[in-house]
1. Take region 12-65 and flag every residue that is closer than 21 Å to Val144 by Cα, out of contact with any strand residue (DSSP E or B) (no Cβ under 6 Å at 6 or more places or on another chain) and not hydrophobic (A, V, I, L, M, F, W, C).
2. Considering only region 29-41, state which residues are modelled with pLDDT of 90 or more and more than 19 Å from the chain's Cα centre (by Cα).
3. Would region 97-110 turn up any residue that is among the β-branched types (Val, Ile, Thr) and in contact (Cβ under 8 Å) with a residue 60 or more places away in the chain?
4. Pull up region 32-54, narrow it to residues that are under 19 Å from Arg111 (Cα atoms) and part of a helix (DSSP H, G or I), then point me to the one that is most open to solvent (accessible area, probe 1.4 Å).
5. Output the residues belonging to region 62-79 that are open to solvent by less than 40 Å² (accessible area, probe 1.4 Å) and touching a helix residue (DSSP H, G or I) at 6+ places or on another chain (Cβ under 9 Å).
6. Residues to consider are Val57, Val26; find the one that is among the hydrophobic types (A, V, I, L, M, F, W, C) and not in a helix (DSSP H, G or I).
7. Quick one: which helices (runs of 4 or more DSSP H) lie wholly within region 83-177 and hold at least 1 residues that are open to solvent by less than 30 Å² (accessible area, probe 1.4 Å) and of a type in the set (A, V, I, L, M, F, W, C)?
Amino acid sequence: QKVFSWGISRGYLVEHPWRNREPMRVRQQFKIELFTIDEFRAILEHAPDHLKWTLEVEYHTAMRPGRTELFNLKWDDIDFATGAVRIYSSKTDSYHTQYIPMAFVEKIRERREWYRAEARRLVKRRGKLYPECPYVIQYHGKRVGSQVTKAWNQAKKDAGITKRIRLYDIRHFYITH
């Protein structure tokens, strides 16, 4: 509208073409439906192992789910001595540090050892030992993809949760809880 007004004031236009314009239809804005700790526990109860682990890491780190933060977290980003987690944020194109409880750092250490043992166990089926997956959130030794979203939707359904809860809401849940 300002461009058309400028054109009229400079004599480029005779009439404002948007003078009688109807506003565009606006879709109803998405509303976050808060969920309870019991609903979160119900989802966890119905979640497969890789989703439980994903939710646990997201809860303790408050990272954005997806390929830029949570699914990009590598073992090298964690300082096991101090509990400092180095997080790259694509939104701000910078790194920041989040400190997590040492009890959860120990859980991360145990999970890493479990992944290593699982890789050694699968040598017979695969025929060789694959290099360690560098990602904390992984599925069958590879970086996570759509497996988490599918598992999330199924776990919500199995738990009987009909609210529109997104993986991203776990980030807000962490902060408020």
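1. Answer for region 12-65, where residues must be closer than 21 Å to Val144 by Cα, out of contact with any strand residue (DSSP E or B) (no Cβ under 6 Å at 6 or more places or on another chain) and not hydrophobic (A, V, I, L, M, F, W, C): Glu45, His46, Pro48, Asp49, Lys52, Thr54, Glu56, Glu58, Tyr59, His60, Arg64, Pro65.
2. Listed by number, the list holds a single entry, Asp38.
3. No, that holds for no residue.
4. Step one: filter region 32-54 for residues under 19 Å from Arg111 (Cα atoms), giving 44-45, 47-54.
Cutting the leftovers down to part of a helix (DSSP H, G or I) gives us 44-45, 49-54.
Details: Leu44: 47, Glu45: 136, Asp49: 82, His50: 29, Leu51: 0, Lys52: 77, Trp53: 10, Thr54: 2 Å².
Checking each candidate, the answer is Glu45.
5. Of all residues in region 62-79, those open to solvent by less than 40 Å² (accessible area, probe 1.4 Å) come to 62-63, 65-66, 69-71, 73, 75, 77-78.
The answer is Ala62, Met63, Pro65, Gly66, Glu69, Leu70, Phe71, Leu73, Trp75, Ile78.
6. Numbers: Val57 fails: not in a helix (DSSP H, G or I).
Checking each option against the conditions leaves just Val26.
7. Once the helices (runs of 4 or more DSSP H) in region 83-177 are filtered for at least 1 residues that are open to solvent by less than 30 Å² (accessible area, probe 1.4 Å) and of a type in the set (A, V, I, L, M, F, W, C), what remains is 102-121, 147-158, 169-176.
The values are calculated or read from the model by the stated rules, or taken from the named source; none is laboratory data. Computed from a predicted structure; not experimentally measured. Note: ideal-geometry Cβ built from the backbone for every residue, glycine included; neighbour counts use all protein chains shown. The area values use the complete protein model at the heavy-atom level, side chains included, leaving out ligands, DNA and RNA. Shrake-Rupley method; radii C 1.70, N 1.55, O 1.52, S 1.80 Å.
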